[in-house]
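One structure below.
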Amino acid sequence: MKYHERTIVNGKPGHDTPKRSRISNSPLVNRVMADIKPTNMEELTEVITAAEFHPVECNLFVYSSSKGTIRLCDMRAAALCDRHAKLFEEPEDPTNRSFFSEIISSISDVKLSNNGRYMISRDYLSVKVWDLHMETKPIRDLPEYAIPDLQSVHEYLRAKLCSLYENDCIFDKFECCWNGNDTAIMTGSYNNFFRMFDRTTKREVTLEASRDIAKPKTVLKPRKVCSQGKRKKDEISVDCLDFNKKILHTAWHPTENIIAVAATNNLFLFQDKF
């Protein structure tokens with residue numbers, strides 16, 4: 001399996017391995033905070049895929065793993081946080097279990113909300129919102145947070161996992177992000193599509209980053225993917241998606257309604273009233 005290296009950073013960026021989380025290049029400290037590397041590398045079954053400090057409580061940090069779990073650790077408890085304070089994990093739906101289950105459940109990104117109360121995680125097919133006070137399940141199941149299709153980013157690809165495995169796309173690592181006031185979420189997809197979810201209005205939209213529309217004051221039109229049946233006007237068939245065009249990296253301005261998405265070798269900036 002393929003994994004990207006991730007680092008917990010305090011100060012200037014540093015380097016680390018996928019088996020460890022580290023505070024790097026600080027003028028005060030440079031040490032490993034969490035280590036899941038086994039003594040015998042042949043026994044390696046899990047790696048750290050993403051990590052982030054809590055935005056308010058400086059003693060807390062979270063890290064995700066290739067097994068689909070997220071651990072919250074408290075540095076006040078021990079110098080080496082091998083024992084987590086909280087474990088966030090959603091059991092797999094038995095009806096969706098397949099040969100690819102372990103791969104697509106690997107968490108590629110985790111981001112804490114700016115107020116420190118919530119957290120989003122991104123795996124291959126979905127994005128989940130968690131309440132740090134509730135470890136048992138994502139909060140999408142609660143009426144006050146319910147957003148249509150929030151969990152699914154591109155569920156229509158489940159039927160194509162075999163071909164995505166053969167072309168290595170199933171190992172792509174998509175990022176996710178919050179807007180400045182924690183009311184909206186954004187993440188990327190294929191065909192240069194990216195999705196935005198508004199937690200206040202319960203709306204969601206799929207947009208496309210394309211050089212054809214990269215002109216000042218151009219209004220982005222919502223896009224829809226047709227997975228089966230007759231394709232409607234302005235829809236694109238799932239069989240016509242370009243998997244070489246993908247948005248893996250996304251960012252939201254901390255105070256303005258401006259977003260940045262990286263599509264292959266192009267960086268797009270958009271300002272919208274979503």
Can you pull out the residues in region 201-223 that are loosely packed, with under 12 Cβ neighbours inside 10 Å and modelled with pLDDT of 85 or more? LYS221, PRO222
With the structure loaded, tell me whether LEU269 is over 16 Å from CYS177 (Cα atoms) and either free of Cβ contacts under 8 Å to residues at least 60 places away in the same chain or surrounded by fewer than 16 Cβ atoms within 10 Å (Cβ to Cβ) (or both) or whether it fails that test. no
Test ARG97 against the stated conditions and say whether it is out of contact with any Pro (no Cβ under 7 Å at 6 or more places or on another chain) and more than 30 Å from CYS162 (Cβ to Cβ). no
Just for region 228-251: of the residues that are more than 22 Å from CYS162 (Cβ to Cβ) and touching a strand residue (DSSP E or B) at 6+ places or on another chain (Cβ under 9 Å), which one is surrounded by the most Cβ atoms within 10 Å (Cβ to Cβ)? ILE247
Pair list, Cβ < 7 Å and 6+ apart or interchain, from region 113-131 residues that are more than 14 Å from GLY68 (Cα to Cα) to residues that are acidic (Asp, Glu) and assigned to a loop (DSSP other than H, G, I, E, B): SER113/ASP182; ASN114/ASP182; ASN115/ASP182; GLY116/GLU57; TYR118/ASP182
In the set SER105, SER121, which member is among the hydroxyl-bearing types (Ser, Thr, Tyr), within 30 Å of ASN167 (Cβ to Cβ) and buried (at least 21 other Cβ atoms within 10 Å of the Cβ)? SER121
Looking at this structure, is THR255 crowded, with 16+ Cβ neighbours inside 10 Å, of a type in the set (S, T, N, Q), at pLDDT 90 or above and not in a helix (DSSP H, G or I)? no
For region 158-203, which positions are part of a strand (DSSP E or B), charged (D, E, K, R) and closer than 14 Å to SER126 by Cα? ARG195
PRO91 closer than 30 Å to LEU60 by Cα, at pLDDT below 90 and in a loop (DSSP other than H, G, I, E, B): yes
For region 125-134, give me each residue that is surrounded by fewer than 18 Cβ atoms within 10 Å (Cβ to Cβ) and either in a strand (DSSP E or B) or at pLDDT below 90 (or both). ASP131, MET134
Being outside any loop (DSSP other than H, G, I, E, B) and among the charged types (D, E, K, R): is that true of ASP212 here? yes
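The values are calculated or read from the model by the stated rules, or taken from the named source; none is laboratory data. Computed from a predicted structure; not experimentally measured. Neighbour counts are summed over all protein chains in view; Cβ atoms, including those assigned to glycine, are modelled from backbone coordinates with ideal geometry.
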